[in-house]
Structure formats: C-alpha cells, structure tokens
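Structure, as structure tokens:
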Amino acid sequence: MKNSFTETEIKKFLQANLQPGKYRHTLGVAALAFELAEKNGVSLEKTRLAALLHDCGKEIGRHKRYMSHVSFDRYEKIIKPVWHNKLGEAIAKRRFKIKDRSILSAIRKHSVADRRMSPLDKIIYIADLAERNRTFKAAAMIRRTALKDLNSGFILALSKKIEYVLAKKKPIHPKSIQAWNHYVV
Ligand SMILES: [Fe+2]
Ligand SMILES: [Fe+2]
C-alpha cells in the first residue's frame, strides 16, 4: 500500500496539531494496534496509518476548513466528542490523500463503533480505549482480553465504553447500541 506521506511527515502534523498528551496517546494507540494487527494478520501499513491519524482532527477548532466536507447525523450533532471522528476522516482523505476505505472507516468508527466492524476497525477501537497510557481500571483487562481474542476484546471495550457514557448520563449514539446488539449475540 503506497502513501505519499511519510510517517515523519504525519507525526510532524500531529505534534503541531495535538496536545502533548494526545500525541502520546496516539503513539500508544499505534503500539497496541500494531500488536493486535500482527496477531490477527491485519496489514501493518494500514494499521499504522489508521492509528496515527485516528485523532488527527481532535483539535476541531484548528481544522475549520475541513468541516464543510463533513456532515453529521442528528445524534452526532448533539454529541460533540464524536465530531473529530468524521473530521479526522476528512483530514486523512484531503490532507493526507488517504484513499483506502478500510483506513478511513477505522478513523470514522474509532469511538462510536458500528454494526459492521472490520478487524482493523476493531483494532483501532480497542487500541484507542485501552492503549498503555490509559490508566482506568478496565484498560489492562481490555488489553489482555484483546491480545488473546480480538472479538472478545472488542465486546469488552464496547461494554466499558457504553457503561462509562451511561454513568456520565450522556447520550449514546445509536450506532454504538447497534454494534453492541450485533456483536454480543
Ligand atoms: Fe478519538
Ligand atoms: Fe484516540
């Protein structure tokens, strides 16, 4: 898979456009995602690009010009923390010329999930939640489970995420619920 941007160029963009903690998180996501990809026979090159770029739109205020390429459904409109998913996808597509749909999908689905999750989608979802800089109680358990079995790790990660959102009394995007109902049975 050829990409015209080198890892160094992408990292330079990320360092300039992410808070230091978020940059560290991104490197953590890449490290765990790599381990999961190796175990599951997923392209390391695609995993690397999806992991590095998954939060590239996190600082939404810096990327206003890409917002016109993004459309939100009625739930996304009221759940601001998910805005950077589609925004990140737009940046990956337009700024970094990523055409590969599986990479774009993993960026777009990385925090909401979907009823259709490819192995790469699951890897980025899990790594985002449970990379080694994450210190919440269940993170280590999610990592352990996912390194043994990707699907079990994904279901555990999804359940912990939904529990967290419920405990905070925040709205849950229907796609997360659809993913849960699809994968838990
Ligand atoms: Fe994110
Ligand atoms: Fe993230």
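Kindly state, to the nearest 0.05, the FRET efficiency for Y75 paired with Q19, given R0 = 22 Å and r defined as their beta-carbon distance.
So, using R0 = 22 Å, E works out to roughly 0.25.
Could you tally the net charge around L14, taking each other residue with its Cβ under 9 Å from the Cβ of L14, Lys/Arg +1 and Asp/Glu -1?
Value of the local net charge: +2.
Karplus couplings for region 79-92 from phi (6.51 cos²θ - 1.76 cosθ + 1.60, θ = phi - 60°), rounded to Hz, Gly and Pro as x?
10, 4, x, 8, 4, 6, 5, 5, 5, x, 4, 5, 5, 4
Just order 94-103, 131-140, 107-116, 154-163 by mean Cβ neighbour count inside 10 Å, highest at the front, would you?
Result, highest mean Cβ count within 10 Å first: 107-116, 154-163, 94-103, 131-140.
Listed here are the pairs K77/K99; K80/K160; K46/K169; K11/K122; which of them are more than 31 Å apart at the Cα?
K46/K169
What FRET efficiency comes out for the pair D149/Q178, r = Cβ-Cβ distance, R0 = 30 Å, nearest 0.05?
Step by step, r from the Cβ atoms, then E = 0.85.
Once the Cβ-Cβ distance between K99 and R65 is put in as r, and R0 is 22 Å, what FRET efficiency do you end up with, to the nearest 0.05?
So, using R0 = 22 Å, E works out to roughly 0.65.
Here, each number is a calculation from the coordinates, and none is a lab measurement. These figures come from a predicted structure and were not determined experimentally. With ideal geometry, Cβ positions are generated from the backbone for all residues, glycine too; neighbour counts draw on all protein chains shown.
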